[in-house]
Amino acid sequence: MSSREEQLAELHALMEQLADAKARLGCRGYRPFPKQQEFHRLGAAVRERLFIAGNQLGKTFAGANEAALHATGLYPEGWDGRRFDRPTVGWVTGLSGEQTRDNAQRLLLGRGRDYGTGALPSDTLIGSPQLARGVADAVDYVKVRHVSGGTSYIYFKSYEKGRERIQGETIDWAWCDEEPDEKTYTEIVTRTNAVLGPVWITFTPLLGMSNVVRRFLQSPPEERQYRGYVTMTIDDVPHLSAEQRAAIIAGYPEWERDARARGVPMLGTGRIYPVDENRLKFDLSDFPKGVPSHWPRIAGMDFGHWDHPLAWVALAWDREADTLWLYDCYRESRLIEAVHQAAAKERLGPALPVAWPHDGHQHDRNTGVPLATKWRQAGLNMLPEHAQWEDGSNGVEPGLSMLLDMMMTGRFRVAAHLSQWWEEYRTYHRESGKVVKTSDDLLDATRYAVMMLRYARAVNGRVEAPRVIRSLSDAAAGVMRGLPRLTATGSRPRRRD
């Protein structure tokens, strides 16, 4: 063997040693993506968490590393999620023994019996894991060395054996890899009641809007302090290029693409806007000159209360192409009204017309002043009448149909960075033919703005009736960036008959 060949062989051996050492770092080398970090951080605020994401995007990897951190106590510097300062007893659960072995167990311990190459570093394992019966290489439990000097236990469970097999025990935390049925999930949460321990689910929502999913996405206001969720789409994975993302999405059947690539629950025919969101998205940076001064604008607002979000959207209207561009939105709860109003005045300005729903006529319990009047007194240009069609009606279905038509014909666009609006869009659906009225505040605000589009005003304050044009203009090919605040003054726009 020549000297060069010896050097190459030595280098190859060194690289293998480095790769093996890196594999055995486990959770010590964990560096979460922003969405994974957001999910871990949520654990310090709520007890129950849902990490809803597409396939192969890193949700199970995040779940495994959090389990390893709670078992070992090896929290990295800057960890701002839930912590334990003592050894723990935790459960890792999956759909079946095989699924738990091939996914959660593999990421925690390593593939097959190559223990110590997963999220649990090899030097934290105490002895060999206890194997389970009935499934080859499946582990029953593993003992883990905690930084305090004590011993943590991780038990591996599956849903297929029923809730009866998981009753009676008390644990500190539980990780559900893939979605359990409602009864099983409730039983798992119950096992952590003694210490109010964290329970988290990582899954791709192929089962649609199940009761477990509703528990998080449609949680009533009084329960939102106990549970929360984070959605990670293929666009949130930084190491994938645009070409790789497109190739991955193209590999899925069209009806599964939103679920597998974006973590959108499969709603089937119940989804109100079944349009691929990539057809609607635009990037503000693509329009360096900002919104053309002759494009009218309008906002739509949905009133809230302390526990229910107040929401508004802002849209610009390319009249030549009859295309709406939704460029800003706001949705917040548990803030005093003055804070909401300050945000609206800062981002909408005093001249932008604001459409509002019929409940704006309701009187404030403290002042006796109608809600819309209060916002008008605060300096917002609230339209003189509540949102309604030109014939005086205010039906929901015409608005839904109009928006769907605009989406399908390329005449409705939404800024890609408005994550709150997209979260509502992905889960907006019907059941038994009726619109499900939860998590729809921004979509309602959007509909109010569209209903009152005839009041949209440009910088010069002109108001004209909308024209229906079906094709995109060249001017609409670019997108807005650095939208200037509307500062024009003038009389309140009047309705044109």
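The values are calculated or read from the model by the stated rules, or taken from the named source; none is laboratory data. Remember, predicted model here, so these are calculated numbers, not experimental data. Note that each Cβ is placed from the backbone with ideal geometry, even for glycine, and that neighbours are counted across all protein chains shown.
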Check: In segment 29-52, which residue that is assigned to a helix (DSSP H, G or I) and among the basic types (Lys, Arg) is surrounded by the most Cβ atoms within 10 Å (Cβ to Cβ)?
Finding: 35
Check: Is one or more of the residues making up segment 179-190 touching a Lys or Arg at 6+ places or on another chain (Cβ under 9 Å), of a type in the set (Phe, Trp, Tyr), modelled with pLDDT under 95 and assigned to a helix (DSSP H, G or I)?
Finding: yes
Notebook entry, point to check: Considering only helices (runs of 4 or more DSSP H) fully contained in segment 53-109, which possess at least 2 residues that are in the same structural domain as residue 125 (by TED's automatic domain parsing) and within 16 Å of residue 200 (Cβ to Cβ)?
Noted result: 59-72, 106-109
Check: How many residues, within segment 321-347, are touching a residue at least 60 places away in the same chain (Cβ under 8 Å) and assigned to a helix (DSSP H, G or I)?
Finding: 0
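Step by step: first the residues of segment 348-365, then only those that are in a loop (DSSP other than H, G, I, E, B) and of a type outside the set (S, T, N, Q), then the one that is surrounded by the most Cβ atoms within 10 Å (Cβ to Cβ). Which residue is that?
The residue in question is 356.
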Item checked: In segment 193-240, the residues that are closer than 20 Å to residue 425 by Cα and polar (S, T, N, Q) -> 204, 210, 211, 218, 219, 231, 233
Next item on the list: Answer yes or no: is there a residue in segment 455-468 that is modelled with pLDDT of 85 or more, under 19 Å from residue 284 (Cβ atoms) and in contact with a Leu (Cβ under 6 Å, 6 or more places away or on another chain).
Entry: no
Check: Taking segment 234-262, which residues are assigned to a loop (DSSP other than H, G, I, E, B) and either under 22 Å from residue 42 (Cβ atoms) or touching an Asp or Glu at 6+ places or on another chain (Cβ under 6 Å) (or both)?
Finding: 237, 238
Check: How many of the residues making up segment 252-279 are of a type outside the set (Lys, Arg), closer than 12 Å to residue 233 by Cβ and modelled with pLDDT of 70 or more?
Finding: 6
Check: residue 126 fails exactly one of the following numbered conditions: (1) of a type in the set (A, V, I, L, M, F, W, C); (2) more than 23 Å from residue 192 (Cβ to Cβ); (3) at pLDDT below 95. What is the number of that condition?
Finding: (3)
Checklist line | Residue satisfying all of: in segment 410-441; over 20 Å from residue 232 (Cα atoms) and at pLDDT 90 or above; surrounded by the most Cβ atoms within 10 Å (Cβ to Cβ) among these | finding: 441
Item checked: Number of positions in segment 191-211 that are modelled with pLDDT of 95 or more and of a type in the set (Phe, Trp, Tyr) -> 1
Check: Restricting the search to segment 424-446, which residues are in contact with a Pro (Cβ under 9 Å, 6 or more places away or on another chain) and closer than 9 Å to residue 302 by Cβ?
Finding: 441, 442, 444, 445
Next item on the list: Kindly establish whether residue 231 is surrounded by 15 or more Cβ atoms within 10 Å (Cβ to Cβ), in contact with a Ser or Thr (Cβ under 7 Å, 6 or more places away or on another chain) and in a strand (DSSP E or B).
Entry: no
Check: Is at least one residue of segment 195-208 loosely packed, with under 15 Cβ neighbours inside 10 Å, among the aliphatic types (A, V, I, L, M) and on the phi < 0 side of the Ramachandran plot?
Finding: yes
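Only one of 321, 351, 299, 338 is of a type in the set (Gly, Ala, Ser) and modelled with pLDDT of 95 or more. Can you tell me which?
299 is the lone residue from the list that is of a type in the set (Gly, Ala, Ser) and modelled with pLDDT of 95 or more.
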Item checked: Among (1) over 33 Å from the mean Cα position of the chain (by Cα); (2) surrounded by 14 or more Cβ atoms within 10 Å (Cβ to Cβ); (3) of a type outside the set (A, V, I, L, M, F, W, C) - the single one residue 81 does not satisfy -> (1)
Notebook entry, point to check: What number goes with the only condition from (1) at negative phi; (2) modelled with pLDDT of 90 or more that residue 159 does not pass?
Noted result: (2)
Next item on the list: Tell me, please, whether a residue that is in a strand (DSSP E or B), modelled with pLDDT of 90 or more and of a type in the set (A, V, I, L, M) can be found in segment 133-141.
Entry: yes
